[in-house]
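Input: a single structure, listed below in structure tokens.
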Amino acid sequence: KQQRLRPISVSVPATFILIFPPSRSHTNHFALDFSVSHLANTILRLIQFIISVAKQMIPHQEPDFNLNHLKLYYGKLFPFVDLVRWVSYGNDGKHPGCDQSYIGRREFSFTLENDIYLRFQSFHNAHELENSIKEKCPVKIDIGPVYTVDPAKRNAYAQSGDNNVFAPVERELIFDIILLFGCADVCLVCWPLMTTAIKVIDTALRDDFGFKHILWVYSGRRGVHCWVCDGKARRLTNEQRGAIADYFRVYKGNENSHKKVSLMGAALHPFLATSYTNVLKDYFEKNLLTGQNLLATEERYEKILGMIPDESIASELRGRWQDSRRSSSAKEDINVVRWEQCKQLLQSGKHKAQGLRRCIEEIVFCFTYPRLDMEVSKHMNHLLKAPFCVHPKTGRVCVPIDPKRCEEFDPTTVPTLSQLIEELNYEGSRADVDGEFNRTTLGNAITLFRLSFLQPLLKACKEEIENSYYLKLQQSKNSLAW
């Protein structure tokens, strides 16, 4: 305040004068000499100028995803050992019954930056896999089948002319489930459809087929992946896989047809009846009907009316609903009112035809039953994204889901790549004997993978390997004795 100030002109989008002290002494005082009437415009144009410069300095990238963070993620957090222990199925131990070549015959696929695709990668242990991933930094890792020979050496075997030399012999039974309608990205309004899918498919796999070791994984965006890892599931033929996939099929039409679901027979199959009673019906009536406003507007209810095969009934409902805006009570949800009218009319005494009474169930199935990518499940040689990858569009990690508590899973709280790096930086670089993931929100996901899935699986694999080994040993002794 005690020094004389001199004016200094500065060139910015809006012209004004800054007055600074002539010396280098620290001061918090400056004055702006401009017309008050131009204040708002000056500030706005200055902000726009700063933003435009900042945008040019920051390279374009997907939200929560960049390669530098990905390299750090692979270096600090990715569970290489757990992944290899899983896909080895006990064949990485010292038991004489182990197949030491098993993991080396498993295919891995890497997608690098700029969509460079590397298939038929193979590794003999977790150390080799870790070194390759850290070196190449793939934006996506896929897991394929176990082949008869090392997939990296397939070309050498192909020269023999025998088509059976290089062929898939084992593969988890896999299911890829996605949202076909709803938001462009995942949200809590649409996500419960994935919860119903997990409940329906998981129950059938365990109760109807007897599978025990099932891994559910969030895809990182809008879907879920299912890995059925029992020994009998891994050794299924393509024909057997196709039969299981068809067991879950109810969609016969396509997106352009009015009737996408056709439930045939005098009674629902027990699997479909259980799914409808225990999961689908309640979710449709208590959540989806009002949450998605399925009958609130003419455009929406016409889609449901188009599923009714009897045009006279559809016309009667249409007439009621077109007049209901004036007569319906404000306290009653219009979706609930119209759905009850639809059920009453289709299931009343004068419409006892099996097809019409089944129509209510078909509508519910059409909106709630999971959509499966059938080809992924039918063929052994399909690839599927590995757990704990990072989705490049969302930056979210593909974490396991507990099917017993799937309704508690919130995809919007799944850790992102940038979030994990921030957590690592916040905690510092202190050593952790059990892995640095315990200092991040990824720790719970890896713990779930280990305790709920991997440990029971490996215990069963060990018993299977030992039983098979001792059975062969006994057969060999009996042969010699004879």
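Once the range 279-302 is narrowed to residues that are part of a helix (DSSP H, G or I) and free of Cβ contacts under 8 Å to residues at least 40 places away in the same chain, the residue that is farthest from PRO370 (Cα to Cα) is GLU298.
For the range 272-290, a residue qualifies if it is crowded, with 16+ Cβ neighbours inside 10 Å and not aliphatic (A, V, I, L, M), and the qualifying residues are THR274, SER275, TYR276, LYS281, TYR283, PHE284, GLU285, ASN287, THR290.
Scanning the range 132-146 for residues that are touching a residue at least 40 places away in the same chain (Cβ under 8 Å) and within 23 Å of GLU170 (Cβ to Cβ) turns up ILE133, LYS140, ILE141, ASP142, ILE143, GLY144, PRO145, VAL146. Can you list residue pairs whose Cβ atoms sit under 6 Å apart, with the first residue in the range 83-94 being over 13 Å from GLU464 (Cα atoms) and open to solvent by less than 20 Å² (accessible area, probe 1.4 Å) and the second being among the β-branched types (Val, Ile, Thr) and at pLDDT 95 or above? Count only pairs 6 or more apart in sequence or on different chains. Close Cβ pairs (under 6 Å, with a partner that is among the β-branched types (Val, Ile, Thr) and at pLDDT 95 or above) amount to SER88/ILE103. The number of residues in the range 198-217 that are under 15 Å from ASP282 (Cβ atoms) and open to solvent by less than 10 Å² (accessible area, probe 1.4 Å) comes to 1.
Contact annotation: residue pairs with Cβ atoms under 7 Å, 6 or more positions apart or on different chains, pairing a residue in the range 166-185 that is farther than 27 Å from LYS393 by Cβ and outside any strand (DSSP E or B) with a partner that is open to solvent by 10 Å² or more (accessible area, probe 1.4 Å) and modelled with pLDDT under 90, are PHE166/ARG154; PHE166/TYR157; PHE166/ALA158.
Yes/no matrix, rows are residues, columns are (1) at pLDDT below 95; (2) part of a strand (DSSP E or B); (3) open to solvent by 80 Å² or more (accessible area, probe 1.4 Å):
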site: CYS98; (1), (2), (3): yes, no, no
site: LYS134; (1), (2), (3): no, no, yes
site: VAL146; (1), (2), (3): no, yes, no
site: ASN164; (1), (2), (3): yes, no, yes
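The values are calculated or read from the model by the stated rules, or taken from the named source; none is laboratory data. Here the structure is a predicted model, which is why all the values come from computation and not from measurement. In this analysis, Cβ positions are derived from the backbone assuming ideal geometry, glycine residues included, and neighbour counts consider all displayed protein chains. Just the protein is used for accessible areas: all its heavy atoms, side chains included, with ligands, DNA and RNA removed. Shrake-Rupley method; radii C 1.70, N 1.55, O 1.52, S 1.80 Å.
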